[in-house]
Every structure is written in structure tokens, then in C-alpha cells.
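Here's a structure for you.
The values are calculated or read from the model by the stated rules, or taken from the named source; none is laboratory data. Just so it is clear, the structure is predicted and the values come from calculations on it, not from any experiment. In this analysis, Cβ positions are derived from the backbone assuming ideal geometry, glycine residues included, and neighbour counts consider all displayed protein chains. When the accessible area is computed, the model is the full protein with side chains, heavy atoms only, and any ligands, DNA or RNA have been set aside. Shrake-Rupley method; radii C 1.70, N 1.55, O 1.52, S 1.80 Å.
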Amino acid sequence: MSTVDLIRHVKLSTARLPLAVPISDAKVFTGRQKPMTEVIFLFAEITTELGHTGVGFSYSKRAGGPAQYAHAKEVAGGIIGEDPNDIAKIYTKLLWAGASVGRSGVATQALAAIDIALYDLKAKRAGLPLAKFLGSYRDSVQTYNTSGGFLNASLEEVKARATQSLEEGIGGIKIKVGLPDSKEDLRRVAGIREHIGWDVPLMVDANQQWDRATALRMGRQLEEFNLIWIEEPLDAYDFEGHAHLAQVLDTPIATGEMLASVAEHKGLISANSCDIIQPDAPRVGGITQFLRLAALADERGLGLAPHFAMEIHLHLAAAYPREPWVEHFDWLDPLFNERLETKNGRMIVPDRPGLGITLSDQARAWTTESVEFGA
């Protein structure tokens with residue numbers, strides 16, 4: 001006979017993770033943003049009356065972190081006394097508690113940390129890694145590195161980091177493009193392709209910086225490099241433009257990381273705007289919402305390559321029916337006591353229950369504000 005359990009305590013905290021080197025992609029070089037120096041995290045820690053615990057997180061690069069924390073702080077008290085098994089019910093309750101500010105963006109990103117913590121708790125209570133709890137198709141996932149390919153790094157630095165990543169068991173390399181001088185983009189792509197060889201998977205990411213004509217011209221010139229995909233060649237909401245590129249180019253088109261709801265991803269999928277979809281669980285509202293759009297993507301036969309947050313997305317990618325990719329970033333390593341293993345081009349799903357992560361002393365030290373609800 002099952003035992004009824006209820007949520008007894010919730011702790012929310014926000015922390016600032018400083019980056020060792022300011023990061024620049026095409027949005028900086030085209031004047032839209034300043035270099036990124038930190039990532040702001042929202043953590044949710046949940047405890048039940050029977051002593052089960054779960055941790056989840058959301059994040060913001062540049063502005064938005066304090067807004068996520070403020071919204072979560074307003075609504076999180078509403079889950080005290082709820083059955084932690086009822087994750088979809090809890091998500092809906094919190095969503096409507098703040099519905100006057102919308103059902104996407106900050107409003108749902110604030111809920112993501114709570115939703116993810118509930119999945120972590122439920123899988124841990126079952127004694128299973130989250131991937132196994134969801135129903136995994138594989139015990140490891142193809143992985144590629146992004147953090148060494150930013151535009152603030154010289155081509156020689158990018159080459160050195162690519163070599164290091166491959167030696168560490170990471171399977172593919174992604175570099176940033178989208179500079180005002182497209183010739184420099186092509187020089188960097190040619191340089192890294194020559195350096196890593198033609199057998200190593202290579203991707204490029206323009207971070208939404210091209211117009212349609214430039215994207216088509218660059219897409220055609222990039223065909224010769226045998227890329228796994230061209231990422232975000234256009235504005236994230238230009239579904240029609242992305243669909244045209246996906247139709248006329250041989251190189252697959254990948255996009256979706258900047259969309260902040262399942263509804264937005266539905267538009268992307270319905271328009272046939274990509275070959276590979278790149279949802280971000282913390283951005284779309286958590287695992288509940290990610291699983292909804294993953295089902296839609298699978299129905300359309302799309303590849304999957306979730307954005308950032310490998311600690312979460314490794315498990316979700318392992319549970320996707322089609323062979324996916326997961327993005328390797330070592331930025332978050334200081335936040336957790338555990339590390340993910342890469343070997344032979346793949347990231348290994350850990351055998352630890354739940355997400356398999358616990359917050360480090362450093363994460364606590366970087367915490368700037370926290371609030372608690374319940375006993």
C-alpha cells in the first residue's frame with residue numbers, strides 16, 4: 001500500500017556564478033549585447049514530510065535572474081501541503097497563480113526550478129536516475145563542446161580548446177559565427193575543420209545574427225565543411241525564414257533554444273522550421289513542459305539537441321526516441337559536488353538517483369538571497 005506524502009518545506013535561493021573570462025558571441029560583435037560575465041541561478045530545494053528531497057534550477061544569462069527569483073518567491077508557498085507526486089497538477093496551480101504576467105518567459109522559467117526539483121525528488125524516491133525513471137533509450141548520449149568556441153577567443157585558442165575537449169572524450173565541436181565580416185567567419189570555420197579533421201562532428205552557431213539573404217549565402221558557403229548543423233542563422237521567431245533554409249540547404253538547421261514556451265515551439269515545429277530542435281527545460285518551464293514538446297518533435301521526426309544545462313538535459317536526451325546530442329559546458333561545475341563523465345564522444349548517464357547532483361559549498365557561498373516556506 002502506498003504511503004501519502006506531502007510537501008513540507010521549500011527553499012528558494014539565487015546565486016551569481018562568475019565566469020573566468022567574459023564571453024562574447026555574435027550578439028556582442030553586432031552591438032546587441034555586452035560580453036557576459038556571470039550567470040544567475042534560481043535554485044529550488046524541496047523536502048517532504050517523509051524526508052524525501054529534490055533540487056532543481058533555472059538560470060538567466062545577463063538580465064532576468066532577479067525577476068525569476070521574485071516571481072518564484074511570490075508563488076512557491078502555494079505548493080506546501082501538496083502531494084509531490086502530482087507534478088503536473090502543481091505546475092498548473094503555480095502557472096495560474098501568476099498567469100496575469102503571462103505563461104512564458106520569466107513567469108514559467110521561475111516555475112522550472114520547482115518542477116525540476118519535483119522530478120528529481122520523485123526519481124530519487126524510486127531509487128532511479130531520472131533518465132531511467134522517465135524511460136531511457138540509452139545509457140550515454142553524443143556530446144559536443146561549445147564553451148571553447150566563443151568569438152572572444154582567437155582561432156588558435158579555439159583550436160587548443162577543441163583538442164582538449166576531444167582528449168577529454170567529448171565527441172563534437174561547436175564554434176560561434178555571425179561576425180560582421182563573414183570572411184572571418186569562414187576563415188575560422190575552415191581553420192577549425194582543418195585542425196580537427198573531417199571525421200570529427202562540427203557545428204556552427206550564428207546566434208540569430210544573420211538576415212535571410214546573408215543566412216542563405218553563408219549556408220551555401222558552409223556546405224563544403226560537412227557540418228552537423230547550422231544553429232540559429234536567423235531571429236528565433238523567424239519560423240518562415242528558418243523553414244526556407246531547412247528546405248534548400250543540405251546542412252541541417254538547428255534552433256529553438258531562445259523560445260520560452262511549448263506554444264512557441266509548436267509554431268517552430270508546425271512551420272517545419274528546423275531539422276534539429278534545441279529546447280531548454282529551464283526556459284520552457286521545466287521537465288513537464290519539455291516532455292510535451294519532445295513528444296511533438298518526435299512525431300515530426302526531428303533530431304534533438306537540448307541547450308545548455310547538461311546536468312538536466314543529459315537525462316532528458318537519454319529518454320528521447322531518436323539519437324540526440326547534449327551540449328557540454330563546464331561552467332556549472334563549481335555549483336555541484338558531482339561531475340558528469342565523457343568517454344568516446346559520449347556523455348555517460350550517471351547511476352546516481354534523480355538528477356544525481358547536490359549543491360556545493362561554493363554554490364552556497366555565491367548565494368545572494370534566499371527564502372523558505374513551510375516547516
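From the set of residues in the stretch 202-216 that are part of a loop (DSSP other than H, G, I, E, B) and free of Cβ contacts under 8 Å to residues at least 60 places away in the same chain, which is most open to solvent (accessible area, probe 1.4 Å)? Quick ask: steps written out before the conclusion?
Kept after step one, since they are part of a loop (DSSP other than H, G, I, E, B), are these residues of the stretch 202-216: 206-211.
Next, from what is left, pick out any that are free of Cβ contacts under 8 Å to residues at least 60 places away in the same chain: 210-211.
Details: W210: 22, D211: 88 Å².
Checked the stretch 202-216; the qualifying residue most open to solvent (accessible area, probe 1.4 Å) is D211.
Hey, another quick one. If you scan the stretch 137-149, which residues turn out to be in a strand (DSSP E or B) and either open to solvent by 10 Å² or more (accessible area, probe 1.4 Å) or without any contact (Cβ under 8 Å) to a residue 24 or more places away in the chain (or both)? Can you show your working first?
Step one: filter the stretch 137-149 for residues in a strand (DSSP E or B), giving 140-145.
If the condition is that a residue be in a strand (DSSP E or B) and either open to solvent by 10 Å² or more (accessible area, probe 1.4 Å) or without any contact (Cβ under 8 Å) to a residue 24 or more places away in the chain (or both), then S140, Q142 are the ones that fit.
With (1) among the β-branched types (V, I, T); (2) open to solvent by less than 20 Å² (accessible area, probe 1.4 Å); (3) out of contact with any Phe, Trp or Tyr (no Cβ under 7 Å at 6 or more places or on another chain) as the list, and V101 as the residue in question, which single condition is left unmet?
(2)
Just checking, which of L293, L355, L316 is in contact with a Leu (Cβ under 7 Å, 6 or more places away or on another chain), under 18 Å from I116 (Cβ atoms) and buried (at least 20 other Cβ atoms within 10 Å of the Cβ)?
Working: L293 fails: in contact with a Leu (Cβ under 7 Å, 6 or more places away or on another chain); L316 fails: in contact with a Leu (Cβ under 7 Å, 6 or more places away or on another chain).
The conditions single out L355.
Here are the criteria: (1) surrounded by fewer than 24 Cβ atoms within 10 Å (Cβ to Cβ); (2) on the phi < 0 side of the Ramachandran plot; (3) part of a loop (DSSP other than H, G, I, E, B); (4) not β-branched (V, I, T). Tell me which single one C274 does not satisfy.
Failed condition: (1).
In the stretch 163-181, what residues are crowded, with 19+ Cβ neighbours inside 10 Å and either in a helix (DSSP H, G or I) or among the small types (G, A, S) (or both)? Break it down into steps so the answer makes sense when it comes.
In the first step, residues of the stretch 163-181 are kept if they are crowded, with 19+ Cβ neighbours inside 10 Å; the result is 165, 170-179.
Residues satisfying the conditions are S165, G171, G172, G178.
Pick out the one residue from L316, L293 that is more than 21 Å from Y237 (Cα to Cα), assigned to a helix (DSSP H, G or I) and in contact (Cβ under 8 Å) with a residue 24 or more places away in the chain. Break it down stepwise before answering.
Working: L293 fails: more than 21 Å from Y237 (Cα to Cα).
After applying the criteria, what remains is L316.
Take A153 and tell me if it is over 21 Å from P306 (Cα atoms) and not in a helix (DSSP H, G or I).
Working: over 21 Å from P306 (Cα atoms): yes; not in a helix (DSSP H, G or I): yes.
Considered against the rule, which asks whether it is over 21 Å from P306 (Cα atoms) and not in a helix (DSSP H, G or I), A153 comes out as yes.
Next question. For the stretch 117-136, check the following and say yes or no: at least one residue is part of a helix (DSSP H, G or I), touching a strand residue (DSSP E or B) at 6+ places or on another chain (Cβ under 7 Å) and either surrounded by fewer than 16 Cβ atoms within 10 Å (Cβ to Cβ) or among the charged types (D, E, K, R) (or both).
Of all residues in the stretch 117-136, those part of a helix (DSSP H, G or I) come to 117-126, 130-134.
Now drop any that are not touching a strand residue (DSSP E or B) at 6+ places or on another chain (Cβ under 7 Å), which leaves 117-118, 120-121, 123-124, 130.
If we keep only those that are either surrounded by fewer than 16 Cβ atoms within 10 Å (Cβ to Cβ) or among the charged types (D, E, K, R) (or both) too, we end up with 120, 124.
Yes; the residues of the stretch 117-136 include at least one that is part of a helix (DSSP H, G or I), touching a strand residue (DSSP E or B) at 6+ places or on another chain (Cβ under 7 Å) and either surrounded by fewer than 16 Cβ atoms within 10 Å (Cβ to Cβ) or among the charged types (D, E, K, R) (or both).
Separate question: Examine the stretch 331-345 for a residue that is part of a loop (DSSP other than H, G, I, E, B) and under 11 Å from L130 (Cα atoms), and state whether such a residue exists. Don't jump to the end; show me each part of the working.
First pass over the stretch 331-345, keeping only residues part of a loop (DSSP other than H, G, I, E, B): 331-332, 337-341, 344-345.
Keeping just the survivors that are under 11 Å from L130 (Cα atoms) gives none.
Scanning the stretch 331-345, I find no residue that is part of a loop (DSSP other than H, G, I, E, B) and under 11 Å from L130 (Cα atoms), so the answer is no.
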